[in-house]
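Visitor: There's a structure below that I have some questions on.
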Amino acid sequence: MVDTQSRSIAIVGSGPGGMYVAQALVEKAPGSKIDIIDRLPTPFGLIRGGVAPDHQHTKRVDKKYSSTISLNEKVRFIGNVSLDRDVSIHELTKIYDAVVLAYGAPYDKKLGIKGEDKKNVFGSNAFVGWYNCHPDFINLNPDLKINSAVVIGIGNVAIDVARVLSRTTTEMATTDIGEYAMKAIEVSPLKEVYMFGRRGPIEAAFTNTELKELGAMEAAATTVEFAQLPSQVPNNLDDKEKKVKGRILETLKELSEAKLGEKRRAIKIKFFASPVKILGNEQVEGIRMEKTEVKNGRCIGTGKTFDVPCEMVITCIGSRAEPIKGVPFDTKAGIVTHKDGRIAPRIYAAGWVKRGAVGTIGTNRLDSYDVADIIISDFKGDRRPGPDLFDSLIDSRKLRQVSFEDWLAIKQSEEEAATPPAPRRKFNTVEQMIQNLNQKT
């Protein structure tokens, strides 16, 4: 049995990947000391900044994450401390027995087409961060004085973006969407939101639960061309997949019967089309799409194009991480270079920075537990100083770290500032959060 007494682990990133590693270590190495370090004062990563504001039920997983910290005296949250900016990976490896990089993949992948740099073209991480009050994207300033928007992608994130753009203030009253974002969406003259996918309905990445939401909106109708839908699910899928895809196909057929023009906005789902050029001068005026087809599992272009007038383009095509000094990085994949979670001696990876932005929140759990097993099996040799030395380093640099108790104070202030039935009114910047804390102490 591996001796875990007094071993210390730093987890960089407090999103699902990092929190599940912490949870696994609490269960499997109860003698260890765990510091969860995050560059923001707020924990839990995409649970706060990425999950759609009208999916409050999904955000409830943060209660489990909170208990991992609050119920274990050897687990600490250290917010407002950034790797590279405030401390280096080299310093952390001298302080802790293991360092886990779990800082996610918060940057948008590029389409790689001409015109992508025009005004009002955004990646989904940026746009979702904007309406979720993420400090990194609070100044995104999208122009919503538009008639038409195009969303590239047919996954759950694309559905989230299209849905939030089409919600009413009444529908969003129970959410924590940024007030500035909701006001801009409400007064926007937006009439059409297109969702384009390179492949067809069978290959679509969204879930039926998310898709059905698009058919039950107060002031928006969702439609799909019946001619683009197969008559039945292919027989080459296994029984479980056939059942899942069958439900999606039935929902799409229901949406194909929707009548447009009776509601304020329309969401139009289009398959078999890939972007080739964004049109306009400085700002988006349209997008050129190429018709595609799927042959032998491969998506190929037909050479036939069509233009769609629009004044905004939001890409939902995946996310990537950014490199950390001293850590090998796979630029093409947008993740750290590792082997089964091991990056270098005593440095590990978990979550999206390890696997890429794939899977659900729950997918991180199994992966993170596997990483925890590897960490424990690698414990050997002399023990590092651990949290006490880290505290001395932070104090010597006069950094304003945010403890879990501080976070609870921020959380309480946000809840008190909300207008019921909204659950909270988020602070928009790190400076606002720190100022609020300073006023309380």
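Visitor: Return a yes/no flag: does the range 68-80 have any residue that is surrounded by fewer than 22 Cβ atoms within 10 Å (Cβ to Cβ), over 23 Å from Leu389 (Cα atoms) and without any contact (Cβ under 8 Å) to a residue 40 or more places away in the chain.
Guide: So far as the range 68-80 goes, yes, one or more of its residues are surrounded by fewer than 22 Cβ atoms within 10 Å (Cβ to Cβ), over 23 Å from Leu389 (Cα atoms) and without any contact (Cβ under 8 Å) to a residue 40 or more places away in the chain.
Visitor: Hey, another quick one. If we keep just the residues of the range 391-422 that are free of Cβ contacts under 8 Å to residues at least 60 places away in the same chain and among the hydroxyl-bearing types (Ser, Thr, Tyr), which is farthest from Thr441 (Cα to Cα)?
Guide: My answer is Thr419.
Visitor: Based on this model, can you work out whether Arg48 counts as free of Cβ contacts under 8 Å to residues at least 24 places away in the same chain and closer than 30 Å to Thr169 by Cβ?
Guide: Considered against the rule, which asks whether it is free of Cβ contacts under 8 Å to residues at least 24 places away in the same chain and closer than 30 Å to Thr169 by Cβ, Arg48 comes out as no.
Visitor: If only one of Ala105, Ala52 is buried (at least 23 other Cβ atoms within 10 Å of the Cβ), aliphatic (A, V, I, L, M), modelled with pLDDT under 95 and farther than 20 Å from Asp388 by Cα, which one is it?
Guide: Going through Ala105, Ala52 in turn, just one is buried (at least 23 other Cβ atoms within 10 Å of the Cβ), aliphatic (A, V, I, L, M), modelled with pLDDT under 95 and farther than 20 Å from Asp388 by Cα: Ala105.
Visitor: Under 7 Å between Cβ atoms, which residue pairs at least 6 apart in sequence (or on different chains) link something in the range 90-111 that is in a strand (DSSP E or B) with a partner that is basic (Lys, Arg) and open to solvent by 10 Å² or more (accessible area, probe 1.4 Å)?
Guide: Ala98/Arg346; Val99/Arg346; Tyr107/Arg320
Visitor: A further question on this structure: I'd like to know if the range 2-14 contains one or more residues that are in a loop (DSSP other than H, G, I, E, B), buried (at least 23 other Cβ atoms within 10 Å of the Cβ) and of a type in the set (Asp, Glu).
Guide: no
Visitor: Can I ask one more? Within the range 220-277, can you find the residues that are free of Cβ contacts under 8 Å to residues at least 12 places away in the same chain and under 26 Å from the mean Cα position of the chain (by Cα)?
Guide: Glu241
Visitor: Which one is farthest from the chain's Cα centre (by Cα) among residues in the range 29-41 that are open to solvent by 10 Å² or more (accessible area, probe 1.4 Å) and modelled with pLDDT of 95 or more?
Guide: In this case the residue turns out to be Lys33.
Visitor: Okay, next question. Looking at (1) out of contact with any Asp or Glu (no Cβ under 7 Å at 6 or more places or on another chain); (2) surrounded by fewer than 22 Cβ atoms within 10 Å (Cβ to Cβ), which is the one condition that is false for Phe379?
Guide: Failed condition: (1).
Visitor: Could you pull out the residue among Gly280, Gly297 that is over 24 Å from the mean Cα position of the chain (by Cα) and modelled with pLDDT of 95 or more?
Guide: Gly280
Listed here are the residues, each with its yes/no results for (1) over 23 Å from Gly18 (Cα atoms); (2) under 22 Å from the mean Cα position of the chain (by Cα); (3) of a type in the set (A, V, I, L, M).
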site	(1), (2), (3)
Arg346	no, no, no
Ala350	no, yes, yes
Val371	no, yes, yes
Phe379	no, no, no
Trp407	no, yes, no
Glu431	yes, no, no
Thr441	yes, no, no
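Visitor: Mind counting the residues in the range 216-248 that are under 23 Å from Phe196 (Cβ atoms), touching a Lys or Arg at 6+ places or on another chain (Cβ under 8 Å) and open to solvent by 70 Å² or more (accessible area, probe 1.4 Å)?
Guide: The qualifying residues number 2.
Visitor: Working only within the range 274-298, note down all residues that are in a strand (DSSP E or B), open to solvent by 50 Å² or more (accessible area, probe 1.4 Å) and farther than 11 Å from Glu116 by Cα.
Guide: Hits for the range 274-298 are Glu285, Arg288, Lys291, Glu293, Lys295, Arg298.
Visitor: Specify the residue that is most open to solvent (accessible area, probe 1.4 Å); the eligible residues are those in the range 405-426 that are hydrophobic (A, V, I, L, M, F, W, C) and closer than 18 Å to Phe77 by Cβ.
Guide: It comes out as Leu408.
Visitor: Could you look through the range 112-127, keep only residues that are outside any loop (DSSP other than H, G, I, E, B) and of a type in the set (Lys, Arg), and pick out the one that is nearest to the chain's Cα centre (by Cα)?
Guide: Filtering first and then ranking leaves Lys119.
The values are calculated or read from the model by the stated rules, or taken from the named source; none is laboratory data. Note that the structure is predicted; figures quoted are calculated from it, not measured. Cβ: placed from backbone, ideal geometry, glycine included. Neighbour counts: every protein chain shown. The protein model used for the area step is the full one, side chains on, heavy atoms only, and it has no ligands, DNA or RNA in it. Shrake-Rupley method; radii C 1.70, N 1.55, O 1.52, S 1.80 Å.
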